[in-house]
Amino acid sequence: MGRLFWKFFSFFWLTSLASVMLVGATVWLTQLAREKTLAIDGSPPAFLVVLAAVSTLRHGGSSALRDLLAEWANRPMPPLRIVDERGMDVLGRSVPVPALEEARRLVGQIDRIDIPEAVGQVRTDDGHTWIFFVPVPPERLEMPPPPPHGPHGGPHPPPPLMLLLMSVVGGLVFAALLARYFSRPIRSLRSAFEAVAEGYLDTRIGEKMGKRRDELTDLARYFDLMASRLQILVENQQRLLHDVSHELRSPLARLRAAIDLLQQQPEHADRFIARIALESTRIDRLVGEILTLARLDSGTVGHLDEQVDLVNVLTSIIDDAQFETEAKGCVIDLKHPMSISVTGNTELLHRAFENVIRNAVRHSPSVGQIIIQVQIDPPDPRLRISVEDEGPGVPEEDLERIFEPFVRLETPNEHGHGLGLAIARRIIHAHGGNISAERCSNRGLRVTICLPVLPQPE
């Protein structure tokens, strides 16, 4: 058992023990208070004797009371005591001190309904006050403990010590079960965290929780979610490092070959220097895209609170792409409302849409058409931008893969590093939107981007 088990166990057991001791002390004090009242007999015969004596004194006077007592002396009557202010019995009999003290205490509370009725008090015309009570006989005060059966023959309640012992044992069992119930899943969580810390990212503990439904089960579910996300991130990082090393190997190899040829054939220096400059530019562009991708993955996207006129952004991108479209004989058709604004980062949104549009231009055939349509979906409202080309399209099974880093399909027009659409997806996600691709009904590819839109002026 771990330390947490013993902490839970000690806490619950001490709480249970304290509760049992408090209840036991209350029962003991109550029993002690009841035992004090046993000094005075409260049985029906004692009550009748006291009542008869009090009534005789009040209606017949002291002489009638003495005659009644003399008559009772020859009969088996309860041992009535009548004492004055000095505590002396009228007949000179002995008076038990505990009974006298209890009688005096009860006389002061004689109006309370919970006081035994076998106590009376009479104030005579001569100014004396007499107290009437029946003391419990000494033999009853010294009686041995009752037998293990009640007064009606049924089982007698167990003694207080036995009840206390049974409560303590029950508290121990309850505390142990409760401590085990709480500490077992926590130990599983601790073992799972240790396993993840040692590199076992496939560790899951949701199934170990069984059918319990509480906060610890929710914690285990969140742990599994965290471990799954962490495993995906680490795998993506490892794959990214592998892809980066693979992508850098080819331009570096060509760069090294150009340098070697330059040393061997200095007369062709211009051609080799141009090649070195080209490969350096490619490496620089690749490193820039990798840094952008890493920054987006880490959440470092800068301020996203600018009011961006999306139509101006798209128009600027189309103007820059005119050189490529004119060379291929392509046409870009932009269909949009007057003005649409979104909240975000102008530079990042420009880069995302530029990657998507340039990808469409690159795959469009000669004398092709690229349709960019901007519209607002009334139910959301969300802004929907679709970029459709007439290129060869993408196989159905690769529509999702084209947004992953370094994924390049085997098509004639495919070149680059496969990072453009991956960067676009991360930028759009950072702005609270989504991006997807689908095959057109005839041919080509349609990339759709959805973004939250600012309220438009009426």
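Would you mind stating whether residue 248 is touching a Phe, Trp or Tyr at 6+ places or on another chain (Cβ under 6 Å), part of a helix (DSSP H, G or I) and hydrophobic (A, V, I, L, M, F, W, C)? Explain how you work it out, then say what you get.
Working: touching a Phe, Trp or Tyr at 6+ places or on another chain (Cβ under 6 Å): no; part of a helix (DSSP H, G or I): yes; hydrophobic (A, V, I, L, M, F, W, C): yes.
When the stated conditions are applied, residue 248 does not pass them.
Only one residue in 81, 3 is among the basic types (Lys, Arg) and modelled with pLDDT of 85 or more, so which one is that? Steps first, please.
Values: 3 fails: modelled with pLDDT of 85 or more.
None of the other options fit; the residue is 81.
Might you check whether a residue that is in contact (Cβ under 8 Å) with a residue 60 or more places away in the chain, among the charged types (D, E, K, R) and closer than 15 Å to residue 447 by Cα occurs anywhere in the stretch 360-382?
no
Please determine, by comparing only the residues of the stretch 184-240 that are surrounded by 11 or more Cβ atoms within 10 Å (Cβ to Cβ) and of a type in the set (Gly, Ala, Ser), which one is farthest from residue 290 (Cα to Cα).
Going through the qualifying residues, I end up with 188.
Restricting to the stretch 42-78, name every residue that is of a type in the set (S, T, N, Q), at pLDDT below 85, closer than 21 Å to residue 107 by Cβ and in a helix (DSSP H, G or I). Steps first, answer last, please.
Filtering the stretch 42-78 for residues of a type in the set (S, T, N, Q) gives 43, 55-56, 62-63, 74.
Of the ones still in play, those that are also at pLDDT below 85 are 43, 62-63, 74.
Now restrict to residues that are closer than 21 Å to residue 107 by Cβ: 43, 62.
Within the stretch 42-78, just 62 meets the criteria.
Among the listed residues 385, 370, 357, identify the single one that is buried (at least 20 other Cβ atoms within 10 Å of the Cβ), under 20 Å from residue 289 (Cβ atoms) and β-branched (Val, Ile, Thr). Break it down into steps so the answer makes sense when it comes.
Details: 385 fails: under 20 Å from residue 289 (Cβ atoms); 370 fails: under 20 Å from residue 289 (Cβ atoms).
The conditions single out 357.
Determine the pairs where a residue that is more than 19 Å from residue 450 (Cα to Cα) and touching a residue at least 40 places away in the same chain (Cβ under 8 Å), located within the stretch 383-405, has a partner that is part of a helix (DSSP H, G or I) and open to solvent by less than 80 Å² (accessible area, probe 1.4 Å) with Cβ atoms under 8 Å apart, the partner being 6 or more residues away or on another chain.
391/360; 391/363; 392/363; 394/402; 405/240; 405/243; 405/293; 405/422
Among the residues of the stretch 279-296, how many are open to solvent by 90 Å² or more (accessible area, probe 1.4 Å) and closer than 26 Å to residue 451 by Cα? Spell out the reasoning first.
At the first step, the residues of the stretch 279-296 found to be open to solvent by 90 Å² or more (accessible area, probe 1.4 Å) are 284-285, 291, 295.
Next cut, closer than 26 Å to residue 451 by Cα only: 291, 295.
Residues meeting the conditions: 2.
The values are calculated or read from the model by the stated rules, or taken from the named source; none is laboratory data. Everything numeric in this text was worked out from a predicted model, so none of it was measured. Cβ atoms come from the backbone with ideal geometry, glycine included; neighbour counts cover every protein chain shown. Accessible surface is based on the protein model in full, side chains and every heavy atom, while ligands, DNA and RNA are left aside. Shrake-Rupley method; radii C 1.70, N 1.55, O 1.52, S 1.80 Å.
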